[in-house]
1. Need the list of lysines near LYS257 for cross-linking: C-alpha distance under 17 angstrom, and skip anything on the same chain fewer than eight residues off.
2. Using label points projected 7 Å from each Cα along Cα→Cβ, tell me how many nm separate GLU126 and ASP221, to one decimal.
3. Over 13 Å apart: what share of the alpha carbon pairs of the stretch 1-50 falls there, rounded to a whole percent?
4. Between beta-carbons, use under 12 Å as the cut-off and find the net charge around ARG226, counting Lys and Arg +1, Asp and Glu -1.
5. Compute the FRET efficiency between ASN443 and PHE367 as 1/(1 + (r/R0)^6), taking r as their Cβ-Cβ distance and R0 = 25 Å, and round to the nearest 0.05.
6. Find how many whole Å separate the alpha carbon centroid of the stretch 397-445 from the alpha carbon centroid of the stretch 55-127.
7. Quantify how much of the Cα-Cα distance distribution of the chain extends past 30 Å, in percent.
8. Using DSSP, restrict attention to beta bridges with both residues in the chain and report what percent are antiparallel, rounded to the nearest 5.
Amino acid sequence: MSDSFITDDFMLQSIAAKELYHDFAKDEPILDFHNHLPPDEIASDRSFANLFDVWLAGDHYKWRAMRANGICESRITGDADPRDKFDAWAETVPHTLRNALYHWTHLELDRYFGFEKLFSPDTADEVWEAGNEALASPSFSCRSLLEKMKVKALCTTDDPVHSLEHHKAIAGDDSIDIVVYPTFRPDAALWVNDSEHFNNYANQLAEVSGGDCGSFSGFLDAIRSRHDFFHELGGRISDHGLYTIFQTECSKAEAEKIFDKVRTGKCADEAETDKFGNFLMLYFAELDASRGWTKQLHIGCERNNNSRVFGELGRDVGCDSIADINHTAAFRQYLDTLDSRGQLPKMIVYNLNPKDNYSLSAMVGNFQSGKPGEPPCRLQLGTAWWFLDTKEGMEWQINAFSNTSLLSRFLGMLTDSRSFLSFTRHEYFRRILCNVVGQDVENGEIPRDMELVGNMVKRICYQNAADFFGLDV
């Protein structure tokens, strides 16, 4: 059996990289400004029954790998018992060499549970027994897991119709040291191509806002009301998951006509959906700009590709992929329209196709602002996302950002995760960042001034984001 390869200098391939990581990056706290953690579990300080519950349930990264390894669906998302599903993952991990999952798996086992051996069927019993014993302790509740990773604040992803009752409970609980903010994610308001879904959503929006969503003006007022509500509870960030940016210009009168059609039970066609989306995305940005919020755009995902699996299991089960389209023209139009209206908010765009890194990052550079009160790099290319959340993908993003903007102003890493064991991804990113920058030092391409370079790395790990979002952290 091999000893752990997760050494103190894991992924740090030069003297400068080691110095940057250990002296500047390693001990920085975490501000995780985009994840999908359930706030009710933080409010109740959930404890987990076993390793499957905390580690595998809901993790579509692992599900994809298990399917690729020939594991039957009953042992992935089906009715097999938790231990059998855990064993399925143990059988898969040795085959994930050169996949980021191999690194993540061993980082998670080491940092949370102190398990330093290689994970495989040979060690599955040991990991299962020791992990479950640890999880039975109060020191492994979800809040304790966050504190173990020095998480200072995090932003969950929340629909405008959510009551945010759990955020209220967290804010009112003096025993919680971690600050938890809601993020405004109104994607369902765009889905006029599905009249049944949209109408159910509009009715929910009317109920929680106390408004009347029978008219388009009432619908917009209800969205604004919920935006105000999120702001009152500390929310300062919105988020959108989009295939691409809606491009077809749409007047309010046209959007109202589409809204009225859908409210009668008729689905909008593709052209109408694009027009309605264009109008609403501009409206959402207007709200964000008026409040000084930051807008996050996640673009480029081709979702629910396997129709059979979608019919059997639904969405978010590991059947999404990378879209291969040109976003740049629509993105330019979106930014330019908002800029000309004086309604361009701070913005982060997360890109899923590496071919678009340079074009999107270069585009946001056309719309930077030196206005009083605005932060540097108020628009920027976000960290490597989803399929690019790998060593190679992070290096591509870091290089594209460095060459088209100011790396020293980069906001750094986030988890985009539903797992309380995912915060080792910040360590993974920090090691990669230090290795990339450290190699430049060793090559003589940037000065061997470790205060200059190290403080840049340190700010990227935490302080840049803390300063940028205007959160109370």
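Read the figures in this text as sums done on the coordinates, not as results from a lab. Bear in mind the structure is a predicted one, so any value in this text is a computation, not a measurement. Neighbour counts are summed over all protein chains in view; Cβ atoms, including those assigned to glycine, are modelled from backbone coordinates with ideal geometry.
1. LYS266, LYS275
2. Computed distance between label sites GLU126 and ASP221 equals 6.6 nm.
3. 74
4. Working: positive: ARG185, ARG224; negative: ASP158, ASP159, GLU207, ASP221, ASP228, GLU232.
Net local charge, ARG226 excluded: -4.
5. For ASN443 and PHE367, the calculated efficiency is 0.15.
6. 26
7. Details: 54272 of 111628 pairs.
So the portion of pairs separated by more than 30 Å is 49 percent.
8. Details: 2 of 25 bridges.
Percentage antiparallel, nearest 5: 10.
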